[in-house]
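The values are calculated or read from the model by the stated rules, or taken from the named source; none is laboratory data. Quantities reported herein were computed from a predicted structural model and do not represent experimental measurements. Every residue, glycine among them, receives a Cβ derived from its backbone with ideal geometry; neighbour counts consider all protein chains shown.
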Amino acid sequence: MSPTYLDCNATTPLEPEVKDLLLHFLVEEFGNEGSRTHEYGARAKQAVQKARDQVAAVVAAKRDEVIFTSGATESNNIAILGLRSAGREQEKRHVITTAIEHKAVLEPCAALEQEGFEVTRLPVTSGGFVEPEAVQTALQPDTLLVSIMQANNETGIRQPLDRVAEILADHPAYFHTDAAQGFGKDIETLRNPRIDLISISGHKIYATKGIGALIVRRRGYERPPLKPLAFGGGQERGLRPGTLPVALIAALGEAAEIAVRDHAKRRQINLRIRERAMTALAKLNPRFTGDLSRSLDHVINVAFPGLDSEALMLALKDLVAISNGSACTSSSYSPSHVLKAMGMSDDEANACVRISWCHLMPEVDWDVIVNRISGLR
C-alpha cells in the first residue's frame, strides 16, 4: 500500500473533472488552435479562449491579459527579464524582491544584477513575512519592479500584498507576484488591480504539470512593456511563441473555475485536516515555523526536538510522503534559504519538514504518525 501523499505544495493530484476534460482534448479534440481552415482548429481555439476566461475570472482580469506559459517558472522569467529593455530605456534599473522568493524569481533577479541592475533583497521577520515598511524604505525613484510572492512554498506564510499595493499606489514601479502557491486558494488577494503581473502553475491547483500562465494587467490602456525571451510564431501576443498545448490549457481553465466554485468546501476540508494534525502533533512538543495566523490552510512547516528532517522522512516513508523544502531544490542538501532568512541556524533549518495536504487526500491517521515519531527518540 502506498504512503499517504502529504506533499501538495510540491504538486497536486488531478481533480477528477479536470482529468476527464484533459483526456477529451488529448484523444478526441486534438486540433491545433492555430489551424484556421477547419472545425478541429476552430474548436481548439474556442477551448483556449474559454480557458483564458476561466483563468482571468479567478483574479478579476480580462481574457486578453492571460498569457499561457509552461508554468510559474517561465512566467516569472518573462515578468522579470522581460522588463529589462524598458528598464534600460527609462533608466530605471532598481528591482526589489525578498530573501525568501523561489529560485525562479531570485535567479532572474541575479541575472539582471549581472547586467548592471541594482537588486534589493528584503529581509523577512522570524514569522516568515516581509514587513511592508521595508518595501516603503527600499523604494527609489528608479525602481522598475517589485516582486513579492503571494505565499511561500516552504512555509505557507502569506505575504502582505494588499499593504504593498497600497504603498505602490503612487509609484510607477511594476508589481509582480509569484502566485504559484496561492492562486485559486487565497483568492481575494490577487484581485487587487495594483498587482500588474501574476505568475501561476497548473500543477499546484489540481491541473497538470507543463502549463501555467502570466497575467499581464493593463494600467488604463497600457500593458507592462514586456519583451519576449524566445521568438518564433508570435503566439500569446508575441510573448510566448510555440504551438499551444490545448489539452493542458483546457485543463488549467477547468481547474481555475473549479477552484472558485469549490473554494469554501475545500477550505473547510483543509481546516479540518489542519486542526487534527495540529492537535495530534502537539503531543510531540513541535516547533512550528512562522506566523501560523498568516499561513495557508493546507500546509504546516514543523520540526521535532532531537530529529533532523532526513531521518524523519526516512522513518515515515512507508506512512506518508512529506518533504523538507522546495521540490525544485530537493537535490541540494544545503539548508533552506527561506528558513535561514527567517533567522534559523543550519541545524534548526535542517530539522524542518513541510506537510501539505488537499481535499483529495484520504483520511490521515495522525496517531500512527505521532507514535512512529515518538519511537525515534
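Out of the residues in segment 216-242 meeting the condition of being within 20 Å of residue 147 (Cα to Cα) and not basic (Lys, Arg), tell me which one is nearest to the chain's Cα centre (by Cα). Don't jump to the end; show me each part of the working.
Initially, segment 216-242 is screened for residues within 20 Å of residue 147 (Cα to Cα), giving 216-219, 222-229, 239.
So of that shortlist, the ones also not basic (Lys, Arg) come out as 216, 222, 224-226, 228-229, 239.
Details: 216: 16, 222: 26, 224: 21, 225: 23, 226: 21, 228: 22, 229: 21, 239: 21 Å.
Here the residue is 216.
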Filtered residues of segment 290-312 (kept if under 19 Å from the mean Cα position of the chain (by Cα), not acidic (Asp, Glu) and not in a helix (DSSP H, G or I)):
290, 295, 296, 298, 299, 300, 301
Going residue by residue through segment 152-161, is there one that turns out to be under 18 Å from residue 100 (Cβ atoms), of a type in the set (Lys, Arg), touching a strand residue (DSSP E or B) at 6+ places or on another chain (Cβ under 6 Å) and at pLDDT 95 or above?
yes
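Matching residues to (1) surrounded by 22 or more Cβ atoms within 10 Å (Cβ to Cβ); (2) in contact (Cβ under 8 Å) with a residue 40 or more places away in the chain:
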position: 119; (1), (2): no, no
position: 138; (1), (2): no, yes
position: 156; (1), (2): yes, yes
position: 160; (1), (2): no, no
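If I filter segment 127-137 down to residues being among the small types (Gly, Ala, Ser) and under 21 Å from the mean Cα position of the chain (by Cα), which single residue comes out as nearest to residue 151 (Cα to Cα)?
Residues of segment 127-137 that are among the small types (Gly, Ala, Ser), as a first pass: 127-128, 134.
Next, from what is left, pick out any that are under 21 Å from the mean Cα position of the chain (by Cα): 127-128.
Values: 127: 13, 128: 10 Å.
Among those residues, the one meeting the criterion is 128.
Can you go through 208, 189 and tell me which one is assigned to a loop (DSSP other than H, G, I, E, B), among the hydroxyl-bearing types (Ser, Thr, Tyr) and out of contact with any His (no Cβ under 8 Å at 6 or more places or on another chain)?
Working: 189 fails: assigned to a loop (DSSP other than H, G, I, E, B).
Just a single option satisfies the conditions, and that option is 208.
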Within segment 29-55, how many residues are surrounded by fewer than 18 Cβ atoms within 10 Å (Cβ to Cβ), more than 11 Å from residue 245 (Cα to Cα) and hydrophobic (A, V, I, L, M, F, W, C)?
1
Does segment 162-170 contain any residue that is aliphatic (A, V, I, L, M), assigned to a loop (DSSP other than H, G, I, E, B) and out of contact with any Lys or Arg (no Cβ under 8 Å at 6 or more places or on another chain)?
no
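Out of everything in segment 3-30 that is aromatic (Phe, Trp, Tyr) and under 17 Å from residue 253 (Cα atoms), what residue ends up being modelled with the lowest pLDDT?
30
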Restricting the first residue to segment 347-366 and requiring it to be on the phi < 0 side of the Ramachandran plot and crowded, with 17+ Cβ neighbours inside 10 Å, which pairs with a second residue that is in a loop (DSSP other than H, G, I, E, B) and among the polar types (S, T, N, Q) meet a Cβ separation below 7 Å and a spacing of at least six or different chains?
349/336; 352/289; 352/324; 353/324; 354/9; 354/324; 356/9; 358/12
Taking residue 370 as the residue in question, decide whether it is touching a residue at least 24 places away in the same chain (Cβ under 8 Å), within 13 Å of residue 153 (Cα to Cα), among the β-branched types (Val, Ile, Thr) and out of contact with any strand residue (DSSP E or B) (no Cβ under 8 Å at 6 or more places or on another chain).
no
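Which residue out of 255, 280 is assigned to a helix (DSSP H, G or I), under 20 Å from residue 16 (Cα atoms) and either of a type in the set (A, V, I, L, M, F, W, C) or in contact with a helix residue (DSSP H, G or I) (Cβ under 7 Å, 6 or more places away or on another chain) (or both)?
Numbers: 280 fails: under 20 Å from residue 16 (Cα atoms).
Answer to the check: 255.
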Unmet requirement for residue 294, which otherwise passes all of (1) loosely packed, with under 14 Cβ neighbours inside 10 Å; (2) in contact (Cβ under 8 Å) with a residue 60 or more places away in the chain:
(1)
Among the residues of segment 203-223, is any surrounded by 21 or more Cβ atoms within 10 Å (Cβ to Cβ), in contact (Cβ under 8 Å) with a residue 12 or more places away in the chain and at positive phi?
yes
Given 100, 80, 96, which one is surrounded by 22 or more Cβ atoms within 10 Å (Cβ to Cβ) and in a helix (DSSP H, G or I)?
80
Single match in 122, 81 (criterion: touching a Ser or Thr at 6+ places or on another chain (Cβ under 6 Å), modelled with pLDDT of 95 or more and either closer than 26 Å to residue 193 by Cβ or not assigned by TED's automatic domain parsing to the domain that holds residue 211 (or both))
122
Can you pull out the residues in segment 56-73 that are in a loop (DSSP other than H, G, I, E, B) and crowded, with 21+ Cβ neighbours inside 10 Å?
59, 61, 71
In segment 1-12, how many are surrounded by fewer than 15 Cβ atoms within 10 Å (Cβ to Cβ) and either closer than 18 Å to residue 201 by Cα or small (Gly, Ala, Ser) (or both)?
1
When you go through 230, 247 one by one, which is the residue that is aliphatic (A, V, I, L, M) and farther than 21 Å from residue 84 by Cα?
247
